[in-house]
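The structure appears below as structure tokens.
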Amino acid sequence: MNDNRPEFINQVYNGSVDEGSKPGTYVMTVTASDADDSTTANGMVRYRIVTQTPQSPSQNMFTINSETGDIVTVAAGLDRE
């Protein structure tokens, strides 16, 4: 039975990326836990990015590894402006 929803370890995660970073640059890792039995599907945590703001220069500037929570850059040409 899925009695518990996953909860992030931190409420806010702040990451930074150097301007002009190449695709594949590591940004950060987010971590969540689930109180359900980790040996069942109900206790397994998977990650995904729902939205990215701002959506420029690309709507998909970052990607997340669904199993580890590692976030890396996908888009080239990241610019602080």
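The values are calculated or read from the model by the stated rules, or taken from the named source; none is laboratory data. All values derive from a computational prediction rather than experimental measurement. Counting neighbours? That spans all protein chains shown, and the Cβs are built from the backbone with ideal geometry, glycine included. Please note that ligands, DNA and RNA were not included when accessible areas were found on the heavy atoms of the full protein model with its side chains. Shrake-Rupley method; radii C 1.70, N 1.55, O 1.52, S 1.80 Å.
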| Residues (more than 29 Å from Asp79 (Cβ to Cβ), modelled with pLDDT of 90 or more and hydrophobic (A, V, I, L, M, F, W, C)) located in region 1-14 | Ile9
| message | Quick check on region 47-70. Is at least one of its residues on the phi > 0 side of the Ramachandran plot and under 12 Å from the mean Cα position of the chain (by Cα)? | response | yes
| Residues being closer than 21 Å to Gly77 by Cα and exposed (fewer than 10 other Cβ atoms within 10 Å of the Cβ) - total across region 33-53 | 2
| query | How many residues does region 53-76 hold that are touching a Pro at 6+ places or on another chain (Cβ under 7 Å), of a type in the set (Ser, Thr, Tyr) and farther than 10 Å from Tyr26 by Cα? | reply | 0
| task | Please work out which one of (1) within 30 Å of Asn4 (Cα to Cα); (2) open to solvent by 50 Å² or more (accessible area, probe 1.4 Å) is the condition Ser56 fails and give its number. | result | (1)
| request: Please work out which residue is surrounded by the fewest Cβ atoms within 10 Å (Cβ to Cβ), limiting yourself to region 15-32 and to residues that are farther than 15 Å from Ile64 by Cβ and at pLDDT below 90. | output: Ser16
| message | Looking at region 60-81, I want the residues that are touching a residue at least 24 places away in the same chain (Cβ under 8 Å) and have a partner that is in a strand (DSSP E or B) and open to solvent by 70 Å² or more (accessible area, probe 1.4 Å) with Cβ atoms under 7 Å, at least 6 apart or on another chain. Which pairs are those? | response | Asp70/Tyr26; Val72/Tyr26
| request: Tell me which residues, restricted to region 33-42, are out of contact with any helix residue (DSSP H, G or I) (no Cβ under 8 Å at 6 or more places or on another chain) and either within 14 Å of Ile64 (Cβ to Cβ) or touching a residue at least 12 places away in the same chain (Cβ under 8 Å) (or both). | output: Ser33, Asn42
| Between residues in region 1-20 that are among the acidic types (Asp, Glu) and residues that are open to solvent by 100 Å² or more (accessible area, probe 1.4 Å) and in a loop (DSSP other than H, G, I, E, B), which pairs lie under 6 Å by C-beta distance while being six or more apart or on different chains? | Glu19/Arg80
